[in-house]
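The values are calculated or read from the model by the stated rules, or taken from the named source; none is laboratory data. None of the values given here were measured: they were computed from a predicted structure. Here Cβ is always computed from backbone atoms with ideal geometry, including for glycine, and neighbour counts include all displayed protein chains.
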Amino acid sequence: MSPAESRRASRGWWDADADAYQAEHGSFLGDVDFVWCPEGLREADAHLLGEVAGRRVLEIGCGAASCSRWLHKEGASVVAADLSAGMLRHARTGNTRSGVEVPLLQSDASALPFAEGVFDIVCTAFGAVPFVADSARVMREVHRVLRPGGRWAFSITHPMRWVFLDDPGEGGLVAVHSYFDRRAYVEEDERHVPTYVEQHRTLGDRIRELVGAGFVLTDLIEPEWPNGHEATWGQWSPLRGRIFPGTAIFIATKPA
Ligand SMILES: C[S@@+](CC[C@H](N)C(=O)[O-])C[C@H]1O[C@@H](n2cnc3c(N)ncnc32)[C@H](O)[C@@H]1O
């Protein structure tokens, strides 16, 4: 799977799936809210980005851009970027509906159209990183556009989830895939053209990509499934969430 094939599949998938994704997750994510993960951890409580007021922030893989609108409301100067025009259409609707207007940009996280050192913070909640074949390149791009001392924070599905089936019930508690198998998960159409691609890296791979790009890893958050959170969707459920982590949030700094 080349980076170009992976990108083509992602763009097509997220364009086609944008309405369904927002219908399923829109109310959980809100219009002006920064939710890091299905466990419901909010930036308002976790402060993983540090002080955001007055900071220049880039959100990559923004989807409907609710995180960017929250950041704007908190006083940041934000750009919300995504590969998919379908997802950005929802971002525009969210801007209009909420009255909180953030600038939207269609761009691939592997090739950010910005000069060096122009952002204080780059972030994403489940955007871009899991869908890019050359995620080391994303790390280098983020490093390039951050100023020295800047922060990069991204959440992804926890790498250990790769070994389990996408089943919120008992079936999702049995290990069936090798954690060490880095081949992408690929869905194809009838002509064997990839239509959905998700990439797996181990925890060690992710750390090496960050360090290789020049970052210092300062924290790795594995949010616990909170009591009373009874939502079940896709592979997510209280049953699984109480036993093993579903999300990993990496916090890294570009050395000053
Ligand atoms: C699971 S959604 C997350 C969206 C949003 N951050 C949220 O929390 O709802 C993944 C997003 O990553 C975007 N994406 C996938 N590949 C990308 C790439 N190469 N560059 C930028 N965005 C990408 C998709 O278009 C989609 O909007």
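Here are the numbers for the structure shown:
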read-out: Boolean, TRP152 is hydrophobic (A, V, I, L, M, F, W, C) and within 24 Å of ARG69 (Cα to Cα); value: yes
read-out: Residue count for the range 195-206, restricted to those that are closer than 29 Å to ALA153 by Cβ and touching a strand residue (DSSP E or B) at 6+ places or on another chain (Cβ under 6 Å); value: 3
read-out: Entirely in the range 35-138, the helices (runs of 4 or more DSSP H) that have 2 or more residues that are among the aliphatic types (A, V, I, L, M); value: 43-46, 85-98
read-out: Residue list for the range 170-180, filter: loosely packed, with under 12 Cβ neighbours inside 10 Å and assigned to a loop (DSSP other than H, G, I, E, B); value: VAL174, VAL176, SER178, PHE180
read-out: Single unsatisfied condition, MET160 versus (1) within 14 Å of the ligand (Cβ to nearest atom); (2) of a type outside the set (Gly, Ala, Ser); (3) under 18 Å from the mean Cα position of the chain (by Cα); value: (1)
read-out: Leading residue by the ranking (farthest from the chain's Cα centre (by Cα)) among those in the range 33-43 that are buried (at least 20 other Cβ atoms within 10 Å of the Cβ) and more than 18 Å from SER237 (Cα to Cα); value: GLU43
read-out: Test: ARG56 is over 18 Å from SER107 (Cα atoms) and out of contact with any Leu (no Cβ under 9 Å at 6 or more places or on another chain); value: no
read-out: Number of the exception - SER2 against (1) near the ligand (Cβ under 8 Å from one of its atoms); (2) modelled with pLDDT under 95; value: (1)
read-out: Residue that is nearest to the ligand (Cβ to nearest atom) [pool: residues in the range 55-90 that are in contact (Cβ under 8 Å) with a residue 60 or more places away in the chain and over 20 Å from PHE28 (Cβ atoms)]; value: LEU83
read-out: Subset tally (residues that are over 14 Å from the mean Cα position of the chain (by Cα) and within 13 Å of CYS123 (Cβ to Cβ)) for the range 44-71; value: 11
read-out: Matching residues, the range 91-116, being near the ligand (Cβ under 9 Å from one of its atoms) and in contact (Cβ under 8 Å) with a residue 60 or more places away in the chain; value: ASP108, SER110
read-out: Filtered residue count, the range 119-149, keeping only those that are away from the ligand (no atom under 15 Å from the Cβ) and either in contact with a helix residue (DSSP H, G or I) (Cβ under 6 Å, 6 or more places away or on another chain) or hydroxyl-bearing (Ser, Thr, Tyr) (or both); value: 2
read-out: Total residues in the range 14-31, condition of a type in the set (Phe, Trp, Tyr) and within 8 Å of the ligand (Cβ to nearest atom); value: 2
read-out: Selection within the range 230-256 - surrounded by 13 or more Cβ atoms within 10 Å (Cβ to Cβ), β-branched (Val, Ile, Thr) and not in a strand (DSSP E or B); value: THR232
read-out: Cross-chain or 6+ apart pairs with Cβ under 6 Å, the range 213-229 first and assigned to a helix (DSSP H, G or I), then not aliphatic (A, V, I, L, M); value: ALA213/ARG140; ALA213/HIS143
read-out: Single residue of the range 1-26 satisfying the filter (loosely packed, with under 15 Cβ neighbours inside 10 Å and of a type in the set (A, V, I, L, M)) that is nearest to GLY94 (Cα to Cα); value: ALA23
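Rundown of residues vs (1) surrounded by fewer than 22 Cβ atoms within 10 Å (Cβ to Cβ); (2) under 28 Å from ARG183 (Cα atoms); (3) at pLDDT 95 or above, yes/no style:
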position: ARG69; (1), (2), (3): no, no, yes
position: LEU88; (1), (2), (3): no, no, yes
position: THR96; (1), (2), (3): yes, no, yes
position: ARG137; (1), (2), (3): yes, yes, yes
position: PRO148; (1), (2), (3): yes, no, yes
position: ALA153; (1), (2), (3): no, yes, yes
